[in-house]
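Inspection log for the structure reproduced underneath, given as structure tokens.
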Ligand SMILES: Nc1ncnc2c1ncn2[C@@H]1O[C@H](COP(=O)(O)OP(=O)(O)OP(=O)(O)O)[C@@H](O)[C@H]1O
């Protein structure tokens, strides 16, 4: 009452009203300033945390993708696309969310624990020592539990990867799934894998729940112990009531913060496992780098030699595909390779492209061992591969052809299309070269896709053309048009043709018959016919069909 009277008395004196108002205003202003300050800090804190998380995720994503693109073809033989894509998407997302949660929750908890521990120490070092005894125990339990749960988390994420791979394959091959009426079975297969992932994730949740419950019990026990000890120290006059109260308040804040830390435990587990999976791929070094090695200027001429080549695929080492294989293709000549299915014809092309390295022997182009040449340069400037199933990208025809030479002008693209007998049908589309081809070229016929693929390969003006069953998937009519395009493309180039159809192989300079990784016959069509051996047997049926040749 006296205070109020004193304040009112101040009013009576002229000029003192300003002092009074400033006394009232000053705390209010401080409070408002504090609130504004807090909002600004919150804004910066959230924005910065979000930026940090996004930048880390961006860096991981780009590093991971470029690392994946660099990997040996053998890596892709062993992994399913869906599994690889899960690491790029799901794992990085998990890592990012865990990272943000750990930083935001962890920072708050850590500052509270440190601040309150200092207050506790100042009030009673003895009681502090006893109360904080629990922390090392929580850390010890957390470490043991953590390693067990991290393994479970990795298993769960690997299972999610498998589940995605099943879905990815079914969606990518939806026409085959539909044609075989396998929708229900695919759905069932997905369910089985998803079920396994659910169980593993539930186990993980169970483990995390157990850890959190145990930690909470432990922490609450510590608060009880503090109460008991505080009562004892109060009754023996070693601490005042105020000190005990302050101690309890600070101890409870620590307890709440530690409970918060234990809640973050799940995120730490998930984040570490997801990060581990991402870095496993980022750190992986391919055995065959994309770049590095000799670049021959102006260009190679294109003679090819396989010298005592022995090769097995890395994923199936016990099966020898080429055994001491020898082959010479002079510059500008066309060599056709025939043989029953599975005899290693496509393997020869894969080795020339350096998708794999030979186990023994060497492959030479113009006398240069291809291991000494820059692989990217070799693929971009020397070799042109056209395979049975041309893969186009879901963009325009123009961009698909330009894929062969990214800096090619529209005119060069058009010329390549003309050489591939593709310009006519492209120009007949309402949007011409700007026509979108759909995913993997789904909106084009087989013959049209193949001619775009030929144009794409011709655009880079390769010295060597590798035609791996380039016309096998086409009907007789489309085959004729594509074959005419290929005949034009062959001129002035060294060509290796792998084919079953007589019409494709009979004009080759030399025909080789491959049997179990070895050349068993070699000669022109007429020479091999007269031998009445493997070649004759392979082509017999076609010769007796009127439209085959
Ligand atoms: N990526 C791979 N990983 C493991 N083995 C493979 C791989 N590609 C092919 N093979 C195996 O290598 C052998 C030769 O295959 P290749 O494709 O070279 O035969 P091909 O003569 O071209 O057959 P086709 O005429 O049927 O195309 C086959 O037994 C095949 O199963």
inquiry  = Going residue by residue through segment 332-339, is there one that turns out to be within 12 Å of the ligand (Cβ to nearest atom) and farther than 21 Å from residue 491 by Cβ?
reply    = yes
Residue list for segment 503-526, restricted to those being within 15 Å of the ligand (Cβ to nearest atom) and touching a residue at least 24 places away in the same chain (Cβ under 8 Å) = 504, 505, 511, 512, 513, 514, 515, 516, 517, 518, 519
request  = Considering only segment 362-376, state which residues are away from the ligand (no atom under 16 Å from the Cβ), touching a residue at least 24 places away in the same chain (Cβ under 8 Å) and either crowded, with 19+ Cβ neighbours inside 10 Å or part of a loop (DSSP other than H, G, I, E, B) (or both).
outcome  = 365, 366, 367, 373, 374
inquiry  = What's the number of the only condition in (1) within 16 Å of the ligand (Cβ to nearest atom); (2) touching a helix residue (DSSP H, G or I) at 6+ places or on another chain (Cβ under 8 Å); (3) under 20 Å from residue 422 (Cα atoms) that residue 465 fails to meet?
reply    = (1)
query = residue 82 passes all but one of (1) surrounded by fewer than 18 Cβ atoms within 10 Å (Cβ to Cβ); (2) within 14 Å of the chain's Cα centre (by Cα); which number fails?
reply = (1)
request  = Name the residue, out of 517, 523, that is within 21 Å of residue 350 (Cα to Cα) and touching a strand residue (DSSP E or B) at 6+ places or on another chain (Cβ under 7 Å).
outcome  = 517
request  = Given the conditions (1) touching a residue at least 12 places away in the same chain (Cβ under 8 Å); (2) in contact with a helix residue (DSSP H, G or I) (Cβ under 9 Å, 6 or more places away or on another chain); (3) more than 16 Å from the ligand (Cβ to nearest atom), report the number of the one that residue 111 does not fulfil.
outcome  = (1)
request  = Please specify each residue of segment 492-519 satisfying the condition of being more than 23 Å from residue 331 (Cα to Cα) and in a strand (DSSP E or B).
outcome  = 515
key: Filter pass, residue 347 being within 12 Å of the ligand (Cβ to nearest atom), at pLDDT below 95, closer than 24 Å to residue 514 by Cα and surrounded by 15 or more Cβ atoms within 10 Å (Cβ to Cβ)   = yes
query = Do any residues in segment 66-77 that are farther than 13 Å from residue 282 by Cα have Cβ atoms under 6 Å from those of residues that are part of a loop (DSSP other than H, G, I, E, B) and within 11 Å of the ligand (Cβ to nearest atom), where the two are at least six apart or on different chains, and which pairs are they?
reply = 73/355
task = Test residue 359 against the criterion of being surrounded by fewer than 22 Cβ atoms within 10 Å (Cβ to Cβ), more than 27 Å from the chain's Cα centre (by Cα) and within 16 Å of the ligand (Cβ to nearest atom), and give yes or no.
result = yes
inquiry  = Looking only at segment 304-329, count every residue that is away from the ligand (no atom under 16 Å from the Cβ) and either more than 19 Å from residue 346 (Cα to Cα) or without any contact (Cβ under 8 Å) to a residue 12 or more places away in the chain (or both) and tell me the total.
reply    = 0
message = Quick check on segment 482-491. Is at least one of its residues within 16 Å of the ligand (Cβ to nearest atom), in a helix (DSSP H, G or I) and free of Cβ contacts under 8 Å to residues at least 60 places away in the same chain?
response = no
query = Of all residues in segment 103-127, which are within 24 Å of residue 50 (Cβ to Cβ) and surrounded by fewer than 19 Cβ atoms within 10 Å (Cβ to Cβ)?
reply = 103, 104, 105, 106, 107, 108, 110, 111, 112
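The values are calculated or read from the model by the stated rules, or taken from the named source; none is laboratory data. What you see is a predicted model, and the numbers here were worked out from it, not measured in a lab. Reconstructed Cβ throughout: ideal geometry from the backbone, glycine too, with neighbour counts over all protein chains shown.
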